[in-house]
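Visitor: Dropping the structure in here first, questions after.
None of the figures in this text is laboratory data; all of them are computed from the coordinates on show. Please read all numbers here as calculations on a predicted model, not as lab measurements. We place every Cβ from the backbone using ideal geometry, glycine too, and count neighbours over all the protein chains shown.
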Amino acid sequence: DIQMTQSPSTLSASVGDRVTITCRASQSISSWLAWYQQKVGKAPKLLIYDASSLESGVPSRFSGSGSGTEFTLTISSLQPDDFATYYCQQYNYYPYTFGQGTKLEIK
Amino acid sequence: QVQLVESGGGVVQSGRSLRLSCAASGFIFSSYAMHWVRQAPGRGLEWVAVIWYDGTNKYYADSVKGRFTISRDISKNTLYLQMSNLRAEDTAVYFCVRGFSGTLSGMDVWGQGTAVTVSS
């Protein structure tokens, strides 16, 4: 199975900050990677697919990049609504696998 | 609008069975692969299973292989997850999720989830 490793596990930041979350795959997954945002008690929400494509309706302050084994999610200017947990997920091979999550906290 | 509504969760004893359902609406159900993803209390997301648009291909996580069966009823626009020989580690919120396409692809729309608790 492909292992997905996110860093950091927890990130403290302030409104207006630029933040970056990294996701590494244990083998190449081309660009078959998604990023999700999850708030407590809610279902995950798709933000980015195919590593860099912005899902419809998602604010443009979210962006994704990378290919192969290294990927990043960047939020250009944090807003209060962005404090949540973020997951990466590969869909190049079954079984699909998720990163362990990055909790974005208010500093 | 696209909607997925799960049902069937509850408290069940270890070793017993339970069937989850997911009612789909707002899209052509027969054209999309459908997935189950779960989340144990306080833990991350774990992909469970997928069924392709035509039901010909099904894939499972190793943790549930041989115990869980995914299926779909096109006439009812409903996805199912039959869970048997349940274990304490199956305790989780189970989400029904739509694939981007009918086969191997990402996932976009999520249901609100249904909670399963396996008691010993």
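Visitor: May I ask you to evaluate 6.51 cos²θ - 1.76 cosθ + 1.60, the Karplus curve with θ = phi - 60°, for each residue of region B:10-16 and list the ³J(HN,Hα) values in order in whole Hz, giving x for glycine and proline?
Guide: Calculated HN-Hα couplings, in order: x, 9, 9, 6, 4, x, 8 Hz.
Visitor: Right, here's the next one. Once phi is turned into θ = phi - 60°, what whole-Hz ³J(HN,Hα) does the Karplus curve with 6.51, -1.76 and 1.60 give for every residue of region A:30-46, x standing for Gly and Pro?
Guide: For region A:30-46, the Karplus-derived couplings read 6, 10, 8, 9, 10, 10, 10, 10, 10, 9, 4, x, 10, 6, x, 10, 5 Hz, x marking Gly and Pro.
Visitor: Next question, about the same structure. Check which residues have an amide H placed less than 5 Å from B:Val116's amide H, if you skip close sequence neighbours.
Guide: Here the answer is B:Gly10, B:Ala92, B:Val93, B:Tyr94, since their amide H atoms fall under 5 Å of that of B:Val116.
Visitor: Could you name the lysines whose alpha carbon sits less than 21 Å from that of B:Lys58, not counting residues in the same chain fewer than 8 places away?
Guide: B:Lys76
Visitor: Then there's this: Work out the FRET efficiency for B:Val5 and A:Ser56 from their Cβ-Cβ distance, taking R0 = 22 Å, and round it to the nearest 0.05. Don't jump to the answer; show the numbers that get you there.
Guide: Details: r = 22 Å, r/R0 = 0.98.
Efficiency, rounded to the nearest 0.05: 0.50.
Visitor: Across region A:13-21, in residue order, what do the Karplus-derived ³J(HN,Hα) couplings come to in whole Hz, using 6.51 cos²θ - 1.76 cosθ + 1.60 with θ = phi - 60° and x for Gly and Pro?
Guide: Values, residue by residue: 8, 10, 4, x, 5, 9, 10, 9, 10 Hz.
Visitor: So which aspartates and glutamates can A:Lys42 reach, going by Cα to Cα under 20 Å and dropping same-chain residues fewer than 8 places off?
Guide: Counting by Cα, and skipping residues close in sequence, A:Lys42 has these aspartates and glutamates nearby: A:Glu55, A:Asp81, A:Asp82, A:Glu105, B:Glu6, B:Glu46, B:Asp90, B:Asp108.
Visitor: Work out, in µm²/s and without decimals, the Stokes-Einstein translational diffusion coefficient of region A:1-47 at 4 °C, 1.567 mPa s, Rh from Kirkwood over C-alpha pairs. Provide the component values of the computation, followed by the final result.
Guide: Working: Rh = 12.9 Å.
Stokes-Einstein gives a translational diffusion coefficient of 100 µm²/s.
Visitor: What lysines does A:Lys107 reach when the alpha-carbon gap must be under 20 Å and sequence neighbours fewer than 8 apart in one chain are set aside?
Guide: Counting by Cα, and skipping residues close in sequence, A:Lys107 has these lysines nearby: A:Lys39.
Visitor: If you don't mind, another one. Quick check: the distance between the Cα centres of region B:66-120 and region A:73-107, to the nearest angstrom?
Guide: Cα centroid to Cα centroid, the span is 22 Å.
Visitor: Write down the Å³ per residue value for the convex hull defined by the alpha carbon atoms of the protein assembly as shown.
Guide: Values: hull volume 25.6 nm³, N = 227.
Dividing the Cα hull volume of the protein assembly as shown by its residue count gives 113 Å³.
Visitor: Please give the contour-minus-distance gain from A:Ser9 to A:Thr74: 0.36 nm per residue of separation, less the Cα-Cα distance, rounded to one decimal in nm. Before the final figure, lay out each step's value.
Guide: On the way: separation 65, 0.36 × 65 = 23.40 nm, distance 1.51 nm.
Full extension from A:Ser9 to A:Thr74 adds 21.9 nm.
Visitor: Then there is this: For the pair B:Ser84/B:Lys65, report the inter-label distance in nm, with labels modelled 7 Å from Cα in the Cβ direction.
Guide: 1.8 nm
Visitor: Right, here's the next one. How high is the relative contact order of chain B? Use alpha-carbon pairs under 8 Å, at least six apart in sequence, and give a whole percent.
Guide: On the way: 309 pairs, mean separation 43.0, N = 120.
This gives 36 percent for chain B.
Visitor: Find how many whole Å separate the alpha carbon centroid of region B:13-37 from the alpha carbon centroid of region A:13-61.
Guide: A separation of 25 Å, based on Cα centres.
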